[in-house]
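For reference, the structure discussed in these notes is given below.
The values are calculated or read from the model by the stated rules, or taken from the named source; none is laboratory data. No experiment lies behind these values; they were computed from the predicted model shown. Cβ atoms come from the backbone with ideal geometry, glycine included; neighbour counts cover every protein chain shown.
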Amino acid sequence: MMLKAIAPTCSVSPLAPGAAGTELATALVSCAVAAVFAWSATALLNALKESSEKGSEPVEGDNEAGVRTSLIADTAAPRDARSDWVDSARFWLVGLVIACHAVGFPNIYLPTSKYFLTPLVVWAATFHIPGLVFVSGLCSRGPLRWTRLFTRLFAPYCISQFIQWAIFCKQNGKCHASLSGAEECIACLSVFPTLTSQDATLDSGLEWYLLSLIQWRIAAAGFSYLNLRPRTQLMLAFGIGIFTGYHPFPLSATIIVANTTLCYALSQRTASFFPFFVAGLFVEPNDVCYKISRMPNGKQAARVLFVGTLVLLCLHAHRGFSLSPLEIGAVGDFNYDYVNARPRPDVPGFMLYPPTCGLEQLGVGLIRAGRYVLSFIMVGAFLVATPTGPAWLCEAGRYTLYPYLLQLWPITFQQWFFQTHLWWGTWAVGQLDNFLPKCFWIGCFLSGFCFTYVATLPFVRRIFGFLIEPDWIAMIGASSRQKGKALK
């Protein structure tokens, strides 16, 4: 399918000749907006720092797999303390991410304005990943532990990438029981590190979140080491988030090791969600729960705002108005980088170009600022409106890395089935005005939450635990070190 679009021409003159003027202007815009956000956010966070004798139990930081490993020491918290409120929120956030992925296939072939679930997907996108990042920051307080960082984040990323690479090679006939097949497999394996690092640089695949967590946690440890005040940390986070919109790869490097090219970059998506992670670092779950318990009317108001936003989006779309400014790829989306052409969500096959100079280019930084305001409001409404429990759901919320990584396979199978079975693909995508196809996609959305729960059950963790929580790597390393000391 040909991509048709023409890059826009500047309708206003540049602010200054050469690139230096634009660089300085974008930096000033980013700093100004970041300062405003930092002052506002710290004022709100300080309002939550009221000591409470009641409220929920303190929460200990953990990673997305539910390992209770603190990244900031909390001497007041018991070693095995958990927050059911945090676990419940994490379950619903990951469930929403998976449910939205499960109903995304029609967007490949249809304009989003023709898809009846677009309002629901757009509504969820305003808070599900930002909320998940906020909760990850909330649970990532403390001194950095490199072993946990490697075994619970980096190793699962590499293992997931390797499995996908192996399946791709098998499907393309590069791995079979012959000498030539073995040679092709070895040749393909030799470039696997290059492909993996390039995927990381491009935010490719579901695994981008794992690498982002690594970078966010290292950055948080650096802030802690520098003893930066919360307001300064927030200002830096917002400044990075807005400035990287103009520069998709503000920090990049290429390293060649044994004829293998390894790429590293602070990607645009990672930087854009960084403010939510930093904001979560300064929130105590027990303080938030105590505040929520003291304002029952506020909880009802949050639920009205939360559900009312979805109703308004549905009515807006039903009346024929486009939601494209808030959709993936559009200027209101976090992934939009302001400098690269991106697929236009409401017209498949066309590209969306940002302004390229002058005040029009600088003004798009305010669009991301507006999106930050919208998403912080929605994340706050979600956290206030989320009920705590029941116990089985809280238990599932401790192991959300399992459904997050395992969702790739049912979603890949769904896409493969519809693309290879033309009649079913036409029925599911081309007949969305009919009752049964609509019921099918609604069922897919609901099944995302069922999959999220089932994938956290003990039998699933026993089957896939050695891949998703590879503690055996740390055990092997510890055993090797002990043997080395014994030989000495």
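Details
- Residue check for Ala271: at pLDDT 75 or above, out of contact with any Leu (no Cβ under 8 Å at 6 or more places or on another chain), surrounded by fewer than 20 Cβ atoms within 10 Å (Cβ to Cβ) and outside any loop (DSSP other than H, G, I, E, B): no
- Scanning the range 441-473 for residues that are surrounded by fewer than 20 Cβ atoms within 10 Å (Cβ to Cβ) and among the charged types (D, E, K, R) yields Arg461, Arg462, Asp471.
- When the range 207-218 is filtered for residues that are in contact with a Leu (Cβ under 9 Å, 6 or more places away or on another chain) and part of a helix (DSSP H, G or I), the ones remaining, listed by number, are Trp208, Tyr209, Leu210, Leu211, Leu213, Ile214, Gln215, Arg217, Ile218.
- Qualifying residues in the range 111-152 (those that are modelled with pLDDT under 80 and not in a helix (DSSP H, G or I)) - the one farthest from Val384 (Cα to Cα): Pro111
- Here Gly173 passes the criteria (1) assigned to a helix (DSSP H, G or I); (2) modelled with pLDDT under 80 except the one numbered (1).
- Qualifying residue in the range 129-144 (condition: among the basic types (Lys, Arg), surrounded by fewer than 18 Cβ atoms within 10 Å (Cβ to Cβ) and at negative phi): no
- The residues of the range 383-430 that are assigned to a helix (DSSP H, G or I), among the small types (Gly, Ala, Ser) and either modelled with pLDDT under 90 or more than 27 Å from Ala155 (Cα to Cα) (or both), listed by number, are Ala385, Ala391, Gly425, Ala428, Gly430.
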